[in-house]
Amino acid sequence: MPEVARGGTRVSSSAVRAALAAGNLASAEALLGRPYGISGRVVHGRKLGRQLGFATANVQLKHNRPPLTGIYAVRVRGIGAFARSGVASLGVRPTITASGRPVLEVHLFDFSGDLYAAHVRVEFLHKIRDEEKYSDLDALKAQIARDCEAAKGFLLEHRDA
């Protein structure tokens, strides 16, 4: 196959994975021609997000080692006619468990409803921060609130993108 380049960079799966691992979502999007996304079914979780005041859709991962981890501003497709905005955590949830198994959890802004069994696509738009371990659930809850504000700020600034 002929080589493909975008913006002077050779397009390859290695280049996309490297951009994602570095948290450079703009570079990954430029290489892909679209935002990087993960698709999957919404499955039942531990319902901890709901208890903390931030209900999440747990998206089933097909791979045990996703190419990125952290907290992100996202857009979610597959829930009605329009994309919905939210914040996502993709990682091993060190404050909650020591299993080491990655989980994708998405908190949608201004949404309430049953998403179980829905097939959604989570588009990663901006990395907010790396995953961290907190001393207790109150500290985690406070950080989630800050993450939501950071994601809303980014999405508001980039709503026409």
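Bear in mind that the values in this text are calculations on the coordinates, not laboratory data. The structure presented is a predicted model; accordingly, all values stated were derived computationally and were not measured. Cβ placement follows ideal geometry from the backbone for every residue including glycine, while neighbour counts extend to all protein chains displayed.
Odds and ends about this structure:
- When you restrict to C-alpha pairs under 8 Å that are six or more residues apart and normalise by the size of the chain, the relative contact order lands at 25 percent.
- Among the chymotrypsin sites (Phe, Trp or Tyr not before Pro) in the range 39-127, those located in a DSSP loop and surrounded by at most 13 other Cβ atoms within 10 Å of their own Cβ are F82, F109, Y116.
- Counting neighbouring beta carbons within 10 Å and listing from fewest to most, the residues I38, I96 come out as I96, I38.
- Hits among lysines - C-alpha to C-alpha of K141 under 16 Å, sequence gap 8 or more where chains match: K47, K133
- In a reduced charge model with +1 at each Lys and Arg Cβ and -1 at each Asp and Glu Cβ, the chain shows a dipole moment near 440 debye about its Cα centre.
- Converting phi to 3J(HN,Hα) with the Karplus coefficients 6.51, -1.76 and 1.60 and the offset θ = phi - 60°, the range 50-59 yields 4, 5, 7, x, 9, 4, 10, 9, 8, 9 Hz in sequence order, with x at every glycine or proline.
- Adding -39500 (n - 2.57) for every DSSP H run of four residues or longer, then dividing by how many residues the chain holds, sets the calculated 222 nm ellipticity at -8000 deg cm²/dmol.
- 3J(HN,Hα) couplings calculated from phi for the range 63-69 with the Karplus curve 6.51 cos²θ - 1.76 cosθ + 1.60 (θ = phi - 60°) are, in sequence order, 10, 7, 10, x, x, 8, 9 Hz; Gly and Pro show x.
- Every Cα-Cα pair in the range 54-130 was counted, and those over 15 Å apart are 54% of them.
- Options G100, S85, N64, ranked by Cα towards positive dipole end of the chain, top entry (Cβ charges): N64
- For the peptides 133-142, 62-71, 15-24, residues were scored by their other Cβ atoms within 10 Å and the scores averaged per peptide; the highest-first order is 15-24, 62-71, 133-142.
- Tilt relative to the chain, helix 137-157 - C-alpha long axis, 0 to 90 degrees, to 10: 40 degrees
- Residues whose placed amide H lies under 5 Å from that of Y36, excluding near-sequence neighbours: E29, F124
- Debye equation applied to the C-alpha atoms of the chain, log10 I(q)/I(0) at 0.14, 0.15, 0.18 Å⁻¹: -0.71, -0.81, -1.16
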